[in-house]
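So the structure is just underneath, and the comments pick up after that.
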Amino acid sequence: ATEQTFSILKPDATRRNLTGAINAVYEKAGLRIVAQKRIQMSQAMAETFYGVHKERPFFKDLVSFMISGPVVVQVLEGENAVAHHRELMGATNPANAAEGTVRKLFAESIEANSVHGSDSLENAAIEIAYFFAGSEIVG
Ligand code: CMP
């Protein structure tokens, strides 16, 4: 089925001017960018967004990293988009990411791993609604 998923191009990607190169991977694979904005996340936004990880040892560093520079938040649409996007991103740790995936191509470390993508259709809806009004999503 056609789905929408949520994507972040993280501060290591904006810093290295890689937003177009990463989105080229997504677009070549058939995902369509139906909403997009470049923002500076506040600490409160990052803490809320990553709230499920708040007891994890890497939480503080993760929040600091995510507010260390601008991010691009976007909604990607396509057939089976949640799983398709995760396949294109590759494993969380670039050391484990498959050849040709965004994280294998571009990520610097498990923290500075260039991109985020929703892990389920349910979380995609929650994450999209956190950053976008319905009127900002244009298919
Ligand atoms: P993301 O998909 O955005 O979701 C949580 C993020 O935490 C993850 O990508 C990683 O960038 C980051 N992170 C940092 N350290 C770790 C770790 N040890 N295990 C898992 N995720 C980590």
Filter result for the condition that a residue is touching a residue at least 60 places away in the same chain (Cβ under 8 Å) and either surrounded by fewer than 18 Cβ atoms within 10 Å (Cβ to Cβ) or more than 15 Å from Ile67 (Cα to Cα) (or both), over Arg15, Arg32, Arg38: Arg32
Residues of segment 69-83 that turn out to be assigned to a helix (DSSP H, G or I) and away from the ligand (no atom under 14 Å from the Cβ), as a count: 2
Candidate set: segment 45-68, residues that are touching an Asp or Glu at 6+ places or on another chain (Cβ under 9 Å) and within 12 Å of the ligand (Cβ to nearest atom); chosen: the one nearest to Ile8 (Cα to Cα): Phe49
Any chance Ser42 is among the small types (Gly, Ala, Ser), within 16 Å of the ligand (Cβ to nearest atom) and farther than 16 Å from Val115 by Cβ: no
Verdict on Ala124 being more than 16 Å from Lys10 (Cα to Cα), more than 10 Å from the ligand (Cβ to nearest atom), crowded, with 19+ Cβ neighbours inside 10 Å and at pLDDT 95 or above: yes
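The values are calculated or read from the model by the stated rules, or taken from the named source; none is laboratory data. Since the model is a prediction, treat every value here as computed from it, not as a measurement. Counting neighbours? That spans all protein chains shown, and the Cβs are built from the backbone with ideal geometry, glycine included.
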